[in-house]
2 protein chains.
Amino acid sequence: MGLQWASSTEKWRSRVEEALRDAVRSEDAYLTEVASHLILAGGKRVRPMFAIAAAASGGADVTDDVVRGGVAVELVHLGSLYHDDVIDEAPTRRTVESVNARWGNLTAILAGDFLLARASEIAASLGTEVAGLLAATIGRLCEGEVSELRTAYNVDRTEAAYFSAIEGKTASLFAAACRIGAIVGALPREQIEALTEFGLAYGMAFQIVDDVLDVTATEAELGKPAGHDLVEGVYTLPVLRALSGGNGLRSRLGAPIEGDELDAALTAVRTDGAVDGSLDTARDYAVGAISALDPFRDSDGAAWLRGAVDDLFARVPV
Amino acid sequence: MGLQWASSTEKWRSRVEEALRDAVRSEDAYLTEVASHLILAGGKRVRPMFAIAAAASGGADVTDDVVRGGVAVELVHLGSLYHDDVIDEAPTRRTVESVNARWGNLTAILAGDFLLARASEIAASLGTEVAGLLAATIGRLCEGEVSELRTAYNVDRTEAAYFSAIEGKTASLFAAACRIGAIVGALPREQIEALTEFGLAYGMAFQIVDDVLDVTATEAELGKPAGHDLVEGVYTLPVLRALSGGNGLRSRLGAPIEGDELDAALTAVRTDGAVDGSLDTARDYAVGAISALDPFRDSDGAAWLRGAVDDLFARVPV
């Protein structure tokens, strides 16, 4: 990637920030403050950057509409975080106080709804295809999250259920970001499909890596206690694979755990090849993501997307 | 209204029920069950019937798209009820167990999001104008609810703040229902505006009457304890008007109350002309709603809408 591209991405990032702040402005100053809270806490804005990079991959101009399309997906992500934090009774998010802790569950639910509404309003301004896609994506996100809730503490949760849940709650948003960037950029149909496939595969790899880190990283590395998912009863890919081994993990799970019990369970998950196997699966998805970019050999946008895939694996155990 | 119209409305009602059930079907049977819960509890479906009557007022056919447009607004209403019940920790809704009581807050929040998503998906299928309108309506609903929350227990809440909140949380949905029916029915612009004005004025009257009933009706009449809003600190029009009188109400409010205190506060609200004054305001809105229908003199659809206005006042004290 040339220097010009690097300077472009910085400009795009600031356009994303501006569009995010614009999107949540309400006549009600209080609601604006609450809805802006997580935006001001920062973030990598991976989803809007994917929309931009997708459009650029196919040679489209990065118009304001492309930026706003990516922002719509980011707003869906942020809105879902507001609701997740209510669900988890989380005290903090991204190192700042969570919305629910600061303003209460009531306001957090409504502000989350408001973010989803603003996302839908932007999508509507980009045409019926984008509006329909964004709405369908929110629906899949809910399906994924409900499925995860329903299988909580279930030691017989299948890998198929896991893959389906993370596709809905995580991968569908990355896929939507790429697809919207490609649609708004008016790329040819086959490029739209290829970029959607990239986003979906990237999202699967992203979530698996995240789930591996939850059982392998230290609290200092994660910025939150390790084993959070295990405590919440969310049995992710490395846990499900370890459960199918003969290491006694099954008898430790199935109910809330903490302290020494949690440490013992984490040790069991880490010592049975389940982590390596899960990372292999993540790498398979990553390979799929990279292959999906084959039609975009010489573009800086695609090079940036490939770089994002590499970055995924920078933090994982070797 | 002719016999033919009466038989039509029954047919439309069953088309609305069918479209509602279709809309919430998910690949996930559990989510379908949760999302269908309040639909199966029944309801008058005023919003979709308004969309239909609005289209019919201007002579448009009641196509499936008109029905689905009204259903989208009803789904927004239902989704907001799911979230309201979490906020209020309500044990029941429409005589059945509330979603949060039955499945927990977590599932209730996600199922509410899912209903909003399905509403947006339908709206997207009806074009960018409808999609944009529905999204903006959800945004206004959130603004209205947040404003209501923020002024809870505030004895200095202004009437302007009250009117703005109920316009957002209630009237905007009736306005959207009529407007969507008119847009999908391809009525002329001036008819679309007139029907929107009708819906907005109807919605204001509807909410004021509802707020009056909360302080005047008995628990048996309401199906829930009287004075619920007072207990929650939501000071509605009759309360605000009574507060501006010299009846000592101000010293009783400003904090949660119950039992004898609540009874004394209700008595104070009822005995100062505040109820009559509030009903006069509701009637002013009702007159505005009826006037908005002037362009539709000879239509059965408009006659049905006028009847809905009359029905509003059937339950209030005379």
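The values are calculated or read from the model by the stated rules, or taken from the named source; none is laboratory data. The structure presented is a predicted model; accordingly, all values stated were derived computationally and were not measured. Here the Cβ positions follow ideal geometry from the backbone for every residue, glycine too, while neighbour counts run over all protein chains shown.
Values computed for the structure shown
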quantity	calculated
Total residues in segment A:112-125, condition within 7 Å of chain B (Cβ to nearest Cβ) and either more than 21 Å from A:Val184 (Cα to Cα) or hydroxyl-bearing (Ser, Thr, Tyr) (or both)	4
Whichever residue in segment B:147-168 is out of contact with any Asp or Glu (no Cβ under 6 Å at 6 or more places or on another chain) and of a type in the set (A, V, I, L, M, F, W, C) and, among such residues, is surrounded by the most Cβ atoms within 10 Å (Cβ to Cβ)	B:Ile166
Output for segment A:47-68, where each listed residue is of a type in the set (Lys, Arg) and closer than 12 Å to A:Trp12 by Cα	A:Arg68
Verdict on A:Val309 being within 22 Å of A:Phe174 (Cα to Cα), assigned to a helix (DSSP H, G or I) and not acidic (Asp, Glu)	yes
Boolean, B:Ser14 is within 14 Å of chain A (Cβ to nearest Cβ) and either surrounded by fewer than 19 Cβ atoms within 10 Å (Cβ to Cβ) or more than 22 Å from B:Ala177 (Cβ to Cβ) (or both)	no
Unmet requirement for A:Glu261, which otherwise passes all of (1) assigned to a helix (DSSP H, G or I); (2) surrounded by 19 or more Cβ atoms within 10 Å (Cβ to Cβ)	(2)
Criterion (under 27 Å from B:Val146 (Cα atoms), at pLDDT 90 or above and not in a helix (DSSP H, G or I)) met by exactly one of A:Arg25, A:Arg68	A:Arg25
Selected residue (only one of A:Ala177, A:Ala201, A:Ala186 is under 22 Å from A:Ala303 (Cα atoms), within 11 Å of the chain's Cα centre (by Cα) and modelled with pLDDT of 95 or more)	A:Ala177
Residue list for segment B:1-17, restricted to those being among the β-branched types (Val, Ile, Thr) and at pLDDT below 95	B:Thr9
Which numbered condition B:Gly43 misses (of (1) within 14 Å of chain A (Cβ to nearest Cβ); (2) out of contact with any Pro (no Cβ under 9 Å at 6 or more places or on another chain))	(1)
Scope segment A:79-104; condition more than 7 Å from chain B (Cβ to nearest Cβ), in a helix (DSSP H, G or I) and either touching a Pro at 6+ places or on another chain (Cβ under 8 Å) or not aliphatic (A, V, I, L, M) (or both); matching residues	A:Gly79, A:Ser80, A:Tyr82, A:Asp84, A:Asp85, A:Asp88, A:Asn100, A:Ala101, A:Arg102, A:Trp103
Odd one out for A:Ser57, checked against (1) out of contact with any Ser or Thr (no Cβ under 6 Å at 6 or more places or on another chain); (2) more than 22 Å from A:His83 (Cβ to Cβ); (3) at pLDDT 95 or above	(1)
Residue match in segment A:273-290 (condition: over 21 Å from the mean Cα position of the chain (by Cα) and under 26 Å from A:Ala60 (Cα atoms))	no
Number of the exception - B:Leu81 against (1) surrounded by fewer than 23 Cβ atoms within 10 Å (Cβ to Cβ); (2) closer than 23 Å to B:Arg68 by Cβ; (3) at pLDDT 95 or above; (4) of a type in the set (A, V, I, L, M, F, W, C)	(3)
Candidates B:Leu38, B:Leu20, B:Leu75, filtered to the one that is crowded, with 21+ Cβ neighbours inside 10 Å and at pLDDT below 90	B:Leu38
Long-range neighbours under 6 Å by Cβ, at least six apart or interchain, first residue charged (D, E, K, R) within segment B:64-90, second modelled with pLDDT of 95 or more and part of a helix (DSSP H, G or I)	B:Asp65/B:Val184; B:Arg68/B:Ala19; B:Arg68/B:Ile122; B:Glu74/B:Arg47; B:Glu74/B:Pro48
In segment B:276-302, residue farthest from B:Glu190 (Cα to Cα) [restricted to those that are in a helix (DSSP H, G or I) and acidic (Asp, Glu)]	B:Asp276
Members of segment B:271-292 found to be buried (at least 21 other Cβ atoms within 10 Å of the Cβ), of a type in the set (A, V, I, L, M, F, W, C) and closer than 16 Å to B:Leu200 by Cα, listed by number	B:Ala282, B:Ala286, B:Ala289, B:Ala292
Number of the condition not met by B:Trp103 [criteria: (1) modelled with pLDDT under 90; (2) closer than 19 Å to B:Gly301 by Cα; (3) of a type in the set (A, V, I, L, M, F, W, C)]	(2)
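Residue-by-condition table, conditions (1) crowded, with 16+ Cβ neighbours inside 10 Å; (2) at negative phi; (3) without any contact (Cβ under 8 Å) to a residue 12 or more places away in the chain:
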position: A:Glu197; (1), (2), (3): yes, yes, no
position: A:Glu219; (1), (2), (3): no, yes, yes
position: A:Leu222; (1), (2), (3): yes, yes, yes
position: A:Asp229; (1), (2), (3): yes, yes, no
position: A:Gly233; (1), (2), (3): yes, no, no
position: A:Leu237; (1), (2), (3): yes, yes, no
position: A:Leu266; (1), (2), (3): yes, yes, no
